[in-house]
Amino acid sequence: MESTGRLSTRILEHLRDPLVKSAVRVKSALLGEANNFLRGKGFVELLPTVVSPITDPLNHEVHNPKFRYYDQEYRLTQSMIFHKQLACKSFDRIFIVSPNVRLETSEKALSGKHLFEFSQIDLEIKNASRDDVMLLVEDLLASVITTIKESCKRELEYLSSDPLVPSRPFAKVKFMDAYEQYGKDFETVLSSSFTEPFWLIDFPIWEREFYDLLSDDGKTLKDMDLILPKGFGETLSGGEREWEHPRIINRMEFKGTDPEELAWYMEIAEMRELIPTAGCGIGVERLARYVCSLDNVLKTRLFPKVPGQSWI
Ligand code: ASN
């Protein structure tokens, strides 16, 4: 993307770009197939929560705007983690194509992987295990890629992309094993050397937010990321969730999360009304970027929001 020139001209160029149009068509087919797949498995689709007094605290630094409406302070959704955990009180299996606004710092502009407004296929299942979620996602990915290869032949040809239907089960790599073997940039090293998607599992407790379930070893979490091969990197995070109030309080203390920031969620936890769930969020633009073999996620949206830039 040109960073010079009038914004209006750049917007028009982007809207007319045949590469962008092909990628957006592929992304549309991807969303359609994911939707069919999840409905076929009994999932109820919810509409997104865009603003709320509570949202995901995240495990990394972002700008953090709030606005006041009457006597309530609101935040933009950074992920629907708490709402989807609670939605499992109403339905056993839910999903949402959820817009997330994360005001990333400007050095992320050139990563090719970050937008400050993006979407997740966010799903959550009552009484499920991490394995249940991983199996479901493996089947979902295989089904989505199989369908797209057929229905988006022309677009994929234009994009010179021939995505592989992944072989199952996906490989599993433990976070600390990878860290010890390849150092702190292990994710980049492994993503570049793998030719198939793989799971990164068992993150150490300091690497994640308070809500992913702590294992019995007291050190690692029952969580996972899905890492795409050929250097495309992470496109999903998820896990089993903490749901018992005293454990949540302990984890918040460990992370330095202020319970006041999540007031009504904490009240519900204290009332013992949270239930065990597991789930994940699939980054739609990152998955579309991989399927389309693109250098940058911004080409998967008509109106991309690049960190630190004035752009649409
Ligand atoms: N959606 C993720 C999950 O389900 C949370 C996130 O995006 N940070 O765990």
Fluctuation leader among 233, 283, 40 - the chain, Gaussian network, Cα springs under 10 angstrom: 40
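Run through the stretch 211-292 and list the GluC sites (Glu not before Pro) located in a DSSP loop whose Cβ has at most 13 other Cβ atoms within 10 Å. Please report the intermediate quantities before stating the final value.
Details: sites: 234, 240, 242, 244, 253, 260, 261, 267, 270, 273, 285; in loops: 242, 244, 273.
Passing both the DSSP loop test and the Cβ count: 244, 273.
Counting only helical runs of four or more DSSP H residues, what would the 222 nm mean residue ellipticity of the chain come to if each run contributes -39,500 (n - 2.57) and the total is spread over all its residues? Don't skip to the answer; put the middle values down first.
Working: 10 runs with 111 residues, N = 312.
After summing the helix terms and dividing by the residues of the chain, the value is -11000 deg cm²/dmol.
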With 20 Å bins from 0: P(r) over the chain, alpha-carbon pairs, percent: 31, 60, 9
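Checking the a/c ratio against 1.5 first, then a/b against b/c, what shape does the Cα gyration tensor give for the stretch 54-127? Could the numbers behind the result be given before it?
Details: a/c = 2.66, a/b = 1.34, b/c = 1.99.
Since a/c reaches 1.5 but b/c is at least a/b, the shape of the stretch 54-127 is classed as oblate.
I'd like the trypsin sites (Lys or Arg not before Pro) in the stretch 231-283 restricted to DSSP loop residues with at most 16 other Cβ atoms within 10 Å, sorted by number. Before the final figure, lay out each step's value.
Working: sites: 241, 247, 251, 255, 272; in loops: 272.
For trypsin sites (Lys or Arg not before Pro) across the stretch 231-283 that sit outside H, G, I, E and B with at most 16 neighbouring Cβ atoms in 10 Å, the list reads 272.
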Of 65, 259, 99, the one that fluctuates the most in a GNM where the chain has Cα springs shorter than 10 Å: 65
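For the chain, which whole percent of the accessible surface, found with a 1.4 angstrom probe, sits on carbon and sulfur atoms? Can you show the working numbers first?
Details: 7650 of 15060 Å².
For the chain, the apolar C and S fraction of the accessible surface comes to 51 percent.
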Helix 130-151 vs. the chain, principal-axis angle (Cα, 0 to 90°, nearest 10): 20 degrees
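Keeping every protein chain present and rolling a 1.4 Å probe, give me the accessible area per residue for the chain in Å². List each step's numbers first, then the result.
On the way: 15060 Å² over 312 residues.
So the chain comes to 48 Å² accessible per residue, rounded to a whole number.
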Rounded to the nearest 10 Å², the accessible area of residue 71 at probe 1.4 Å: 140 Å²
Signed unit charges on C-beta, dipole axis of the stretch 4-300, positive-most listed residue 46, 134, 160: 160
Cβ-placed point charges (K, R +1; D, E -1), dipole of the chain about Cα centre in debye, nearest 20: 1180 debye
Top of 279, 239, 32 by mean-square fluctuation, Gaussian network on the chain, Cα under 10 Å: 32
Charge dipole magnitude, Cβ of K and R +1, D and E -1 - the stretch 199-294, Cα centre, debye nearest 20: 520 debye
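Of 66/305; 174/305; 184/219; 41/149; 89/305, which pairs sit farther than 26 Å apart, going by alpha carbon to alpha carbon?
Values: 66/305 19 Å; 174/305 33 Å; 184/219 18 Å; 41/149 22 Å; 89/305 34 Å.
Over 26 Å Cα-Cα: 174/305; 89/305.
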Relative contact order (%) - the chain, alpha-carbon pairs under 8 angstrom, separation at least six: 24 percent
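The values are calculated or read from the model by the stated rules, or taken from the named source; none is laboratory data. Note that the coordinates shown come from a computational prediction; the quantities given were computed from them, not determined experimentally. Glycine gets a Cβ as well: all are built from the backbone with ideal geometry, and neighbour counts include every protein chain shown. The accessibility values were calculated without ligands, DNA or RNA, using every heavy atom of the protein model including side chains. Shrake-Rupley method; radii C 1.70, N 1.55, O 1.52, S 1.80 Å.
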